[in-house]
Structure formats: C-alpha cells, structure tokens
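Take a look at the structure set out below.
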Amino acid sequence: MNFLIITHVNHIHKDNQYFGYGPYIGEMNIWLKYVNKVTIVAPLKNGNILPIDLSYQCNNIDFKNVPDFSFTSLKSRIASIFKLPIIFWNIYLAMKKADHIHLRCPGNMGLVACFVQILFPNKIKTAKYAGNWDPNSKQPWTYRLQKYLLKNTFLTKNMKVLVYGDWKNQSKNIKSFFTATYSDSEKEIIDKSNANFYFKFLFVGSLVDGKRPLYAIKLIEGLIEKGYNVTLDLYGDGVERNSLENYIRTNNLDKYIFLKGNQNRETLKKAYKESHFVVLPSKSEGWPKAIAEGMFWECFPIATKVSCVPSMLDFGTRGIMLEMNLEKDLNEIAKIIENEEAFTNKSKLASIWSQKYTTDIFEKEIKALLQV
C-alpha cells in the first residue's frame, strides 16, 4: 500500500531520516506499521533536531518537499499566490499515485488537500482533524472552510473524518476518535499520597499566547500568596519564553516556578508521575494530550472548557474546569488541596478514564480504518 500523508508539519532530514514534531510522528508511526510505502507531502526545513522530535519508522519513504505558506500578512499572501500552484500540483500527483490518502487538518496544507481530494472520489481517504470540532466555537475562516469541506459528503467522498468529541447532527463520514501516548503494558499504580502537603503542578505545551502559560503561572503565584506549598514546572518552548522568565524574575518566583524547555517522552513521563496536578488554561484544543497524559498518571487535571475537555473531565467529576477568573479558579483549586479525599478520588477517576485510551486500542482502530 502506498500511504499518502499531507501535512503542514515542518520536517528535518538528517542521517537519511525524516524528523518532525514528536506527538504527531509517534501517532503516524502506528499507522505506518501497516503500510509498505509512505509518501509525505510537507515542508522541509533546515534546523536542529529537538528533544521533542521523532523520526518516521518506515524504510520506504518518498518525501515531496513543498513550500510552507500562510495568509497572516500582505507579504505572505502575495508570496502564497506563487507557491500555491506548485503545492496544488504536487498534491495532485501524489494523490494520483496513492492507495490511501491521509490528510492532517487543520492547517494550510490540509486546506489545499481538502480541495484536491475532491478530484479523487473513488480513493480511500482518512482525515485527522486535530483541532476543535465544536460547531459553535469561534475559529479562523480557514479552519471553518476545512470543516465544511470535510463534512460535505457531496464534495468529499469515501473518507472517514476523525474528530475529537461527540457532536450532534454530524454527517455520516464523521467518526468520533481519540489519540493515545501510553500502552497497556505501561500501566502501573502511582502513589500520590501527600503527607507533607507539598503539591507539584505541571504545564506541558508551547509557550505561546494560545496556551496561556502566564495564567498557569499566576495560578501558582496566587496559591503561594494564600500560603500553599506549591511549585510549577513548565515543559515546552515558544515565543513567550522571555516574557515569562521576566515575570518570574520580577515577581520573585524563581524558587517556585521553573521553565524546563522541550523534553523527550521519558522525561515528561517521569514528570507526570511525580506531579500532583496538570494544568492547561488553553484558548483552544482538540484532544489536549497534556491533560490526557497527566490523567493517565493520576495527575489531577485543571483545564479550560474547550472542545471535548468537559467530557474528558466529566464536567468536573474528575477534574477542575477553569472559569478564567483568577480568584474563582484559585478558590476551586484550594478546595481540592485542602481535601485529600477529594483529590485522591478525582485523581483516580481521571486515571481510570485515561487508561482506557491506550496505544493498543488506538492501533486496533487504525488497523480497521486501513482495512488491513
């Protein structure tokens, strides 16, 4: 099977391997277990391999390098006019030769592929929509256009669209899905009992405005001011790192809050095991892996009410849904810190839920989608 992936993820070629963003590559490697050839249409960049990056585990890769593009400024829009014909043509040729077409959405490359796939109604296709599928959420017009094309069964034929969450009134090609990081064999009992009432918080995600890492820091700052013995480790990197460092330094939080940067899977796994809370005050999510991963290791989840997060947290039965009102959120967290029974019970419920979604189950679902 010639399996075609079309994605906006930037790749790096080194030592005859193709590297990219670890969580995405890790997921795709499960798909690639059941194909003998993969064609990838994506941007190829120069740069260093980061600890968070992984390589594809496939011996037969045909990589089609296409230029990255965006519509964020006048200059980028003008440049995109010249890039788009090249991208359209490369995607068309790749789809023509493919046995199975797989789109990664939302993203600019996925948007182009949503149009081109219309020309191949008889090809077997899947699309992974990794963003927020909530029909009522506010999203960029390019995201809304991709959603429209993917769920339109007149234009999009022979495709299963994998989305996060269960939503009413969906077209027949929409399939509620999930993602997974850990296997059944990795399950273990984690003792999060806390006789010293010291609580370790964890933030995992890009240090960008959309993830709101500053709000996570302010939560910890507020808890410290209330007299609680807490710390926060932030794993990830991004454009806000310098401003976060300045805030931590200016407010004398150096002893309580630590920026750990991008780290590999095993380092994060250890951090989850050692932490009591995982917090993600994100503006938008699909399936927030940081929350699901933390729950797997009995971290008490604290997250915003976006996408499928309310159902993940069972509307507060196994976590706290942030109101994005600092004082209200601090009071809710303080109640859990002061109630060991509630902390333990909800953490265990979180773990029971998350451990249903293992890579073993994920692989069975992927195998069914590939019809192998």
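The values are calculated or read from the model by the stated rules, or taken from the named source; none is laboratory data. None of these values were measured; they are calculated from a predicted model. Note: ideal-geometry Cβ built from the backbone for every residue, glycine included; neighbour counts use all protein chains shown.
In summary, residue 193 fulfils each of the numbered conditions (1) surrounded by 14 or more Cβ atoms within 10 Å (Cβ to Cβ); (2) modelled with pLDDT under 95; (3) in contact with a helix residue (DSSP H, G or I) (Cβ under 8 Å, 6 or more places away or on another chain) with the single exception of condition (1).
Here is the figure for region 136-159: residues that are of a type in the set (A, V, I, L, M) and assigned to a helix (DSSP H, G or I) total 3. Looking only at region 343-372, which residues are within 28 Å of residue 333 (Cα to Cα), charged (D, E, K, R) and either part of a helix (DSSP H, G or I) or modelled with pLDDT under 95 (or both)? Scanning region 343-372 gives 346, 348. Annotation note: of 295, 324, the sole residue that is crowded, with 18+ Cβ neighbours inside 10 Å and either in the same structural domain as residue 189 (by TED's automatic domain parsing) or on the phi < 0 side of the Ramachandran plot (or both) is 295.
Residues of region 54-81 that are in contact (Cβ under 8 Å) with a residue 24 or more places away in the chain, hydroxyl-bearing (Ser, Thr, Tyr) and part of a loop (DSSP other than H, G, I, E, B): 56, 70.
Can you name the residue in region 323-333 that is in contact with a helix residue (DSSP H, G or I) (Cβ under 7 Å, 6 or more places away or on another chain), of a type outside the set (Val, Ile, Thr) and part of a helix (DSSP H, G or I) and is also farthest from residue 197 (Cα to Cα) among such residues? Here the answer is 326. On the stretch given as region 29-53, residues that are crowded, with 17+ Cβ neighbours inside 10 Å and assigned to a helix (DSSP H, G or I) total 3. Between 119, 162, the distinction of being surrounded by 20 or more Cβ atoms within 10 Å (Cβ to Cβ) and either of a type outside the set (S, T, N, Q) or modelled with pLDDT under 95 (or both) belongs to 162 only.
Please specify each residue of region 170-182 satisfying the condition of being touching a residue at least 24 places away in the same chain (Cβ under 8 Å) and either in contact with a Pro (Cβ under 8 Å, 6 or more places away or on another chain) or hydroxyl-bearing (Ser, Thr, Tyr) (or both). Across region 170-182, the qualifying residues are 179, 181, 182. So, residue 126, is that one touching a strand residue (DSSP E or B) at 6+ places or on another chain (Cβ under 9 Å) and loosely packed, with under 15 Cβ neighbours inside 10 Å or not? Taking the combined requirement at face value, the residue does not satisfy it. Number of residues in region 186-212 that are of a type in the set (Gly, Ala, Ser) and free of Cβ contacts under 8 Å to residues at least 60 places away in the same chain equals 2.
Which numbered condition trips up residue 84, out of (1) hydrophobic (A, V, I, L, M, F, W, C); (2) under 26 Å from the mean Cα position of the chain (by Cα); (3) not in a loop (DSSP other than H, G, I, E, B)? Here residue 84 clears every test but (2). All conditions but one from (1) within 16 Å of the chain's Cα centre (by Cα); (2) farther than 30 Å from residue 226 by Cβ; (3) surrounded by fewer than 14 Cβ atoms within 10 Å (Cβ to Cβ) apply to residue 181; the one that does not is (3). The single condition among (1) under 20 Å from the mean Cα position of the chain (by Cα); (2) among the small types (Gly, Ala, Ser); (3) exposed (fewer than 14 other Cβ atoms within 10 Å of the Cβ) that residue 26 does not satisfy is (3). Please pick out the residue among 215, 164 that is closer than 20 Å to residue 301 by Cα, assigned by TED's automatic domain parsing to the domain that holds residue 322 and among the hydroxyl-bearing types (Ser, Thr, Tyr). Going through 215, 164 in turn, the sole match is 215. Hey, can you tell me all the residues within region 61-114 that are under 11 Å from residue 8 (Cα atoms) and small (Gly, Ala, Ser)? The answer is 70, 107, 110, 113.
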